[in-house]
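*Asks:* Below is the structure I would like to discuss, written out as structure tokens.
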Amino acid sequence: MVDAIAFGGGYAFACAVQPGPLQAYLLSQVAARGWRRTLPAALAPLISDGPIALLALIVLGRLPVTAQHGLRIAGGALLFYLAWDAFRHWRTDHRAAGDEEGRTPRTLLQAALVNILNPNPYIGWALVLGPAVLGAWNRAPAHGVALVAAFYVTMVVTLAVLILALGGARLLGIRGQRTLLLLSALILAGLGVYQLVVGLPPLIAASIR
């Protein structure tokens, strides 16, 4: 169960600290309305991800085991790509996520809508979380539940800490953001290795038969 919790928590942290639509919303809301009014928005993934997760698990559950292992390998490749992208952003100067222009949502439900329209949760559940949850569930249902719980607890807590940090300093600054990006790159690369280690041996064994 420890590996399921570590995987869910590590992936959630890496997702939460990388710039994206939800992070842009948090930054702009803290600047406009303060951290107290923005803090509930940390719960947005709990509202938006339910239908996405259910759809992904239903579809993935109908696939043969070899296809599920193939998706784990594809997920590992995706994690390596995300790790490289985070590392590339770490090496170069970049704007804070909140510098993006455009009107931002002002409520928790609107924040959840932003996340629903964001392609990242769909890709994450289809290629990373979905296969990982099914694999953990097949070992023991408690492991699958622990992985999902670790992911969302870590996601909400990390977003809440980010909001509090922004409330204290308005913006993390380039140095703080680059540190988080480097840490997320290392975590994503490690999770990519884990996905390949778990997915490749069964797939190779199945192809030999």
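*Asks:* Of the residues that sit in the stretch 136-172 and are at pLDDT 85 or above, touching a helix residue (DSSP H, G or I) at 6+ places or on another chain (Cβ under 8 Å) and among the small types (Gly, Ala, Ser), which one is surrounded by the fewest Cβ atoms within 10 Å (Cβ to Cβ)?
*Replies:* Ala149
*Asks:* Give the residue that is modelled with the lowest pLDDT, with candidates limited to residues of the stretch 1-33 that are more than 30 Å from Ala142 (Cα to Cα) and not hydrophobic (A, V, I, L, M, F, W, C).
*Replies:* Among residues in the stretch 1-33 that are more than 30 Å from Ala142 (Cα to Cα) and not hydrophobic (A, V, I, L, M, F, W, C), the one modelled with the lowest pLDDT is Ser28.
The values are calculated or read from the model by the stated rules, or taken from the named source; none is laboratory data. Small disclaimer: the values here were computed from a predicted structure and weren't measured. No Cβ is skipped: glycine too gets one built from the backbone with ideal geometry, and neighbour counts run over all protein chains shown.
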